[in-house]
1. Out of region 198-210, which residues are touching a residue at least 40 places away in the same chain (Cβ under 8 Å) and either loosely packed, with under 15 Cβ neighbours inside 10 Å or not in a helix (DSSP H, G or I) (or both)?
2. All but one of (1) within 30 Å of I113 (Cα to Cα); (2) modelled with pLDDT under 95 hold for I145; which doesn't?
3. Taking the residues in region 218-244 that are polar (S, T, N, Q) and modelled with pLDDT under 90 as candidates, determine which candidate is nearest to E167 (Cα to Cα).
4. Taking the options L65, L42, name whichever one is crowded, with 19+ Cβ neighbours inside 10 Å and under 30 Å from V300 (Cβ atoms).
5. Of the residues in region 300-333, how many are touching a Phe, Trp or Tyr at 6+ places or on another chain (Cβ under 6 Å) and not hydrophobic (A, V, I, L, M, F, W, C)?
6. I'm trying to understand the selection: among the residues of region 225-272, which are surrounded by 20 or more Cβ atoms within 10 Å (Cβ to Cβ) and among the small types (G, A, S)?
7. Starting from region 97-115, take each residue that is touching a residue at least 24 places away in the same chain (Cβ under 8 Å) and list its partners that are among the β-branched types (V, I, T), counting only C-beta distances under 7 angstrom and pairs at least six apart or across chains.
Amino acid sequence: MKVGIIGLPQTGKKTLFQILTGNEIKEPSKAFKPVPGAADILDSRFNKLVEMYEPKKNVRARIDLVLLPKMEAETISKGEIFRDIADMDAICHVVRAFEDDAIYHSQGSVDAIRDFEMVNSELIMHDQIFVEKRIERLEAMVKKIKDEGQQKELVSMNKLKDTLEVEKPLRLIELMDDEEKMIRSYPFITRKKLVIAVNVSEDDLGNEALLSSFKQSCEIQEMEVMLVSAKVEAEIAMLDTQEEKDEFLEDLGIKETALESLTKLCLKSLNLISFFTVGKDEVRQWLVRKGAKTPQAAGVIHSDLERGFIRGEVFKYDELMEAGSEAELKKGGKIYVEGKDYLVEDGDILNIRFSV
């Protein structure tokens, strides 16, 4: 799953990307090219399981992050930025809300809501231009040959056009399965899930009024929003020990780091949940689509497990923590044997039985 990080120039997106991925960007030439990276998903449940099992190896789930070129006149006019965004599964839009006279603003002043709306308009306009061109082409083809598939697509495209014309993103439209299949290969950007990371100063990290000013619009447009201070996160990253980091966060009244908050929102946006496999050899976190059944979760671990799936032994993280060990869970009858129709829940611990 790839999450593309976008934003106007000087929003702090490069700093945030470097903190999240640990990738240091030194080459100026990278400004016009996507920069790939990956970030661990920080989950306190994983930490507790590692403490409990003391495994030889532990592996966190990871999320792919891609720093995309800044959205400025040149990249927008060339259109390459939109092709890059279309290749992502979700988007994180970094919006500048911090004041700093030493850092210029491409619009001449800091206005987070204005910038947020401006980028949204660019994304909607991209989809609108594509739809209008597609409609023109379909209308020309339908005049020559009465093709049922093209006529159906024309109806769907006009539905998308009506939504875009009132400046609403396409993610708000519920499409039938055949319509989803029809447009799957098209480079629609506003169908994608969007997380807004408002980059603030240290003093504004708890600014509920600022967060609220985004929330209403974000809820209407099915976006997630969070406040983050790239400057503070950079300071945290420079501390040597986890103890120092925890103390620093506590002093500032921050409950979790940007990486924790952002990955949670990205998983929520992508409709992903976590499950775990545990043992003395390895504790590992996996990601699967919400609503997946046990064979699908098994397939995330290895295709052979899905192909030869027999059953899944399932126990709940909370019940394990309460019991203190697997042995105590067994005594309490809280290790459940589930078949192929069981829907995996967030935090489930799975042991897959299979035969190939």
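1. V198, N199, V200, S201, E202, L205, G206
2. (1)
3. That would be Q242.
4. Of the residues listed, the single one that is crowded, with 19+ Cβ neighbours inside 10 Å and under 30 Å from V300 (Cβ atoms) is L65.
5. The total comes to 1.
6. S229, A230, A258, S269
7. Note: pairs meeting the criteria are A97/V110; A97/V198; A97/V200; F98/V200; E99/V110; A112/V95; A112/V198; D115/V95.
For (1) touching a helix residue (DSSP H, G or I) at 6+ places or on another chain (Cβ under 6 Å); (2) in a helix (DSSP H, G or I); (3) of a type outside the set (D, E); (4) farther than 18 Å from F116 by Cα, each residue gets a yes or a no:
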site	(1), (2), (3), (4)
S212	no, yes, yes, no
C218	no, yes, yes, no
E224	yes, no, no, no
A237	yes, yes, yes, yes
E243	no, yes, no, yes
Q285	yes, no, yes, yes
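The values are calculated or read from the model by the stated rules, or taken from the named source; none is laboratory data. Since we're looking at a predicted model, the values are computed, not measured. With ideal geometry, Cβ positions are generated from the backbone for all residues, glycine too; neighbour counts draw on all protein chains shown.
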